1. Could you please find all residues in the range 70-96 being in contact with a Leu (Cβ under 9 Å, 6 or more places away or on another chain) and either surrounded by 24 or more Cβ atoms within 10 Å (Cβ to Cβ) or touching a residue at least 60 places away in the same chain (Cβ under 8 Å) (or both)?
2. Checking the conditions here, which among Thr210, Thr204 is under 23 Å from Val58 (Cβ atoms) and of a type in the set (S, T, N, Q)?
3. Against the conditions (1) under 23 Å from Gly229 (Cβ atoms); (2) out of contact with any Ser or Thr (no Cβ under 9 Å at 6 or more places or on another chain); (3) surrounded by fewer than 19 Cβ atoms within 10 Å (Cβ to Cβ), where does Gly28 fall short? Just the number, please.
4. Just give me the residues in the range 22-34 being within 15 Å of the chain's Cα centre (by Cα) and either of a type outside the set (Phe, Trp, Tyr) or at pLDDT below 95 (or both), in sequence order.
5. Considering only the range 232-254, how many residues are surrounded by fewer than 23 Cβ atoms within 10 Å (Cβ to Cβ) and either among the acidic types (Asp, Glu) or closer than 15 Å to Glu209 by Cα (or both)?
6. Among the residues of the range 128-155, what is the count of those that are modelled with pLDDT of 95 or more, out of contact with any helix residue (DSSP H, G or I) (no Cβ under 7 Å at 6 or more places or on another chain) and surrounded by fewer than 17 Cβ atoms within 10 Å (Cβ to Cβ)?
7. Go through the range 84-124 and count every residue that is of a type in the set (A, V, I, L, M) and closer than 23 Å to His177 by Cα.
Amino acid sequence: MKCSPVEGYVRGSVGVQVDRGIVYGQSGKALDVYRCHGAVLRPIVLLWHGRGPDERDVLEPLARAVAERDVVVFVPDWRSDALDGGRGHLWESIVFVRDNAADFAGDAEQVVLAGWSLGGKAAAGVGVSGATSDHWRPSGVVSIASGFDRPAPSTGTVPLDELATTAVDPVPFWLVHGSKDHIVDVEQSRRFAAGLRRRGWRVTVIEAETDHAGIVMTEYDPELGRCMGTQARHAVEAGRRTADVLAGAALGSGR
């Protein structure tokens with residue numbers, strides 16, 4: 001299912017409403033919410049950007065594409081250069097989504113935790129550690145172009161190492177990666193998938209012929225020093241596939 005055309009919404013994807021600049025925690029960080037029109041509760045994707053500080057806008061093309069597929073998408077800013085590596089920002093965003101989901105027609109019982117690059121490692125860290133004080137678990141985890149052999153900013157632990165000893169209930173994982181990624185080698189996802197399977201966790205690996213930026217429908221702009229949306233064919237095709245995975249993970253999380 002996709003959004004129906006609605007007049008008066010923010011330019012871009014037909015039928016997608018964007019609520020921008022919502023402060024989500026005591027840190028004062030902001031997030032954007034992408035959603036279809038209507039009051040019916042929809043599953044949620046909480047989508048974390050990569051290492052660049054406060055780059056929620058980088059994920060706008062992907063977030064729109066996922067929202068078109070009838071999913072509510074929260075995209076927060078966070079800073080990996082904060083004293084705690086961004087951990088406080090990441091956890092604040094989880095708390096905000098859980099507490100305020102219904103205000104955006106989101107179902108707090110169906111939250112897929114996802115991220116790109118360092119954000120995907122952060123999501124994986126939460127998925128395998130169960131680090132929340134109330135033992136909250138996401139419905140699933142989607143890590144996009146991520147590595148797993150160094151500490152995750154969300155937990156301070158190494159996802160691969162944590163996986164070997166964790167006692168939490170497993171959640172499904174989706175690992176999406178570009179086969180031409182020269183920033184984070186696709187072997188990272190393959191190795192982590194093998195570890196998940198050894199522990200009996202359900203995991204799906206999706207590879208696309210694109211690079212680190214293309215997997216989220218962007219390309220790196222050296223003048224700006226950041227990734228920007230692009231119409232390059234490899235990125236558009238790969239980004240749509242990533243959007244399908246995110247939406248599929250969310251829409252299937254309640255079944």
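The values are calculated or read from the model by the stated rules, or taken from the named source; none is laboratory data. What you are looking at is a predicted structure, and each value in this text was computed from that prediction instead of being measured. We place every Cβ from the backbone using ideal geometry, glycine too, and count neighbours over all the protein chains shown.
1. First, the residues of the range 70-96 that are in contact with a Leu (Cβ under 9 Å, 6 or more places away or on another chain): 70-78, 80, 86, 93-94, 96.
Correct list: Asp70, Val71, Val72, Val73, Phe74, Val75, Pro76, Trp78, Ser80, Gly86, Ser93, Phe96.
2. Criteria check complete, one pass: Thr210.
3. With (1) under 23 Å from Gly229 (Cβ atoms); (2) out of contact with any Ser or Thr (no Cβ under 9 Å at 6 or more places or on another chain); (3) surrounded by fewer than 19 Cβ atoms within 10 Å (Cβ to Cβ) applied to Gly28, the lone miss is (1).
4. Narrowing the range 22-34 to residues within 15 Å of the chain's Cα centre (by Cα): 31-34.
Correct list: Leu31, Asp32, Val33.
5. 8
6. Residues flagged as modelled with pLDDT of 95 or more, out of contact with any helix residue (DSSP H, G or I) (no Cβ under 7 Å at 6 or more places or on another chain) and surrounded by fewer than 17 Cβ atoms within 10 Å (Cβ to Cβ) within the range 128-155 amount to 2.
7. Qualifying residue count for the region: 9.
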